[in-house]
């Protein structure tokens with residue numbers, strides 16, 4: 001047996017903007033074991049429910065993470081609404097779906113850029129982020145915020161989108177779709193990317209399922225879990241199919257995200273066609289009394305918000321289980337057997353979002 | 001700042017930020033905002049960096065890492081605290097694992113407001129820090145001994161004021 005060496009990866013590492021620390025146990029150049037340690041960005045914001053009213057806490061819930069911000073607030077408010085038995089106006093639900101998909105689009109483009117940068121394709125990084133600015137412009141025009149939107153509230157949404165703006169948005173997204181095709185062709189048909197990623201960081205279907213992989217990490221291994229199929233918001237009225245790839249390697253996870261962007265655009269178009277007229281919020285009185293597990297599909301996978309109230313303005317407990325947290329055991333599994341030089345790229349394929357994972 | 005003698009390189013560290021400011025800093029580097037036109041490059045090595053861009057708050061786990069990065073940077077150096085969390089801990093002020101803004105640990109030259117800070121204000125902050133960097137360089141050149149003496153004893157590490165127990 002050759003000598004084992006431990007190499008630290010992170011917390012401050014050029015490939016990740018966020019602090020994730022991994023101790024890589026190496027034999028020669030091959031990773032044989034990985035010891036993850038987290039806690040660099042833990043803030044303890046779940047405890048703040050005791051100090052903030054449940055309506056104010058939406059802002060904190062949104063700031064769990066700056067990339068998945070919108071979907072966090074959406075999941076939290078739908079949990080509270082379920083406890084209180086509120087029938088949120090349908091137009092608000094459609095708007096929430098549109099914003100969810102816009103934020104998925106921006107997150108996937110962000111990931112595609114970082115991933116290309118990790119591979120050494122800096123021009124693709126720049127192009128992906130250039131296209132992402134278009135999505136951020138749409139978010140800013142409709143909500144007022146680029147990455148933190150603050151548009152969800154208990155009982156509906158704060159802003160309506162005018163029909164003209166909705167049409168304009170669809171037109172803009174149609175333009176974007178063409179650009180996206182050019183961009184994703186790099187990932188779908190380029191031989192150098194395929195040879196770098198195919199067969200690297202394998203995660204079998206069984207492993208993905210038993211280790212609790214979620215989102216594109218699971219779907220890249222042939223596990224067809226997509227929480228949007230449970231039909232929260234108005235996903236039950238939308239016709240779409242989750243993108244599933246069977247190979248379970250880094251390439252498959254990359255393809256899943258690349259194709260999901262087109263699904264998102266398609267969902268937004270369907271929403272704009274079906275959106276009814278009406279109010280976008282309702283008056284909310286009282287306070288939640290009871291508990292609820294609220295689940296939603298984030299760009300990185302399934303997020304669960306557990307909310308418990310006792311009839312006062314302050315919730316008793318709020319617990320978040322984020323996709324990156326559950327994707328860490330699969331990450332440890334898929335890093336084993338990888339070459340050291342491939343580690344940054346393979347870590348990026350689960351799209352780690354440490355802000356979420358540690359809260 | 002009329003005549004620029006230097007391309008400031010930045011190092012970015014995410015100290016328990018929510019990511020919002022971090023992705024905005026990255027957005028500054030990409031074609032829409034493109035800070036490379038000022039010669040600003042994001043480097044991963046503290047020894048190559050002139051400006052330390054920090055987002056998020058101080059906690060027990062990342063305290064040493066912030067100090068490590070700061071102490072490894074060569075003089076003259078400037079620190080930019082991006083976002084309200086880095087300035088004063090913002091909405092997370094009362095969290096049990098949040099000690100406070102970055103200025104409780106290292107001297108901060110520029111505070112960039114916002115949650116999340118907008119790319120325009122981040123660029124403004126970095127360009128302001130660059131002016132401060134030039135000032136510091138001039139002081140170092142005119143009185144090298146005095147500047148060294150002022151810069152040598154590193155940052156004062158304060159205990160968190162009531163924050164993390």
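Some values worked out for this structure:
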{"quantity": "Shape call, the range B:9-151: gyration tensor on alpha carbons, a/c limit 1.5", "calculated": "oblate"}
{"quantity": "Separation between Cα centres of the range A:202-250 and the range B:104-139, rounded to whole Å", "calculated": "43 Å"}
{"quantity": "GNM top mover of A:74, A:327, A:239 - chain A, alpha-carbon springs below 10 Å", "calculated": "A:239"}
{"quantity": "Average partner coverage of B:86-95, which counts Cβ from other chains inside 10 Å", "calculated": "4"}
{"quantity": "C-alpha long axis of helix A:122-143 to longest principal axis of chain A, angle in °", "calculated": "10 degrees"}
{"quantity": "Label-point separation, residue A:122 to residue A:159 (7 Å along Cα→Cβ), nm", "calculated": "3.5 nm"}
{"quantity": "Whole-number percent relative contact order across chain A, with pairs defined as alpha carbons under 8 Å at least 6 apart", "calculated": "25 percent"}
{"quantity": "Per-residue Cβ neighbour rank within 10 angstrom, fewest leading, A:316, A:154", "calculated": "A:316, A:154"}
{"quantity": "MRE, 222 nm, helices only [DSSP H, n ≥ 4, -39500 (n - 2.57), over chain A, to nearest 500]", "calculated": "-15000 deg cm²/dmol"}
{"quantity": "Inter-part distance where the range A:73-128 and the range A:154-180 are each reduced to a Cα centre, Å", "calculated": "13 Å"}
{"quantity": "Cα-based helix-to-principal-axis angle, A:90-119 vs chain A, degrees rounded to 10", "calculated": "20 degrees"}
{"quantity": "Computed over the range A:224-311: relative contact order in percent, which uses C-alpha pairs under 8 Å that are six or more apart", "calculated": "26 percent"}
{"quantity": "Residue order, fewest to most beta carbons within 10 Å, for A:157, B:41, A:223", "calculated": "B:41, A:223, A:157"}
{"quantity": "For B:22-33, mean number of other protein chain Cβ atoms within 10 Å", "calculated": "6"}
{"quantity": "Over the range A:17-156, relative contact order from alpha-carbon pairs under 8 Å, at least 6 apart, %", "calculated": "23 percent"}
{"quantity": "Acute angle (nearest 10 degrees) that the helix A:69-84 long axis makes with the longest principal axis of chain A, alpha-carbon atoms", "calculated": "50 degrees"}
{"quantity": "Highest-fluctuation residue, A:96, A:317, A:182 considered, GNM on chain A with Cα pairs under 10 Å", "calculated": "A:182"}
{"quantity": "Added length on full extension, which subtracts the Cα-Cα distance from 0.36 nm per residue, residue A:188 to residue A:171", "calculated": "3.6 nm"}
{"quantity": "Anisotropy class of the range B:11-67 from Cα gyration tensor, a/c 1.5 cut", "calculated": "oblate"}
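Read-outs throughout are calculated quantities, based only on the coordinates presented, and are distinct from any laboratory measurement. From a predicted model like this one, the values you see are computed outputs, not experimental measurements. Please note: Cβ atoms are built from the backbone with ideal geometry, for glycine as well, and neighbour counts cover all protein chains shown.
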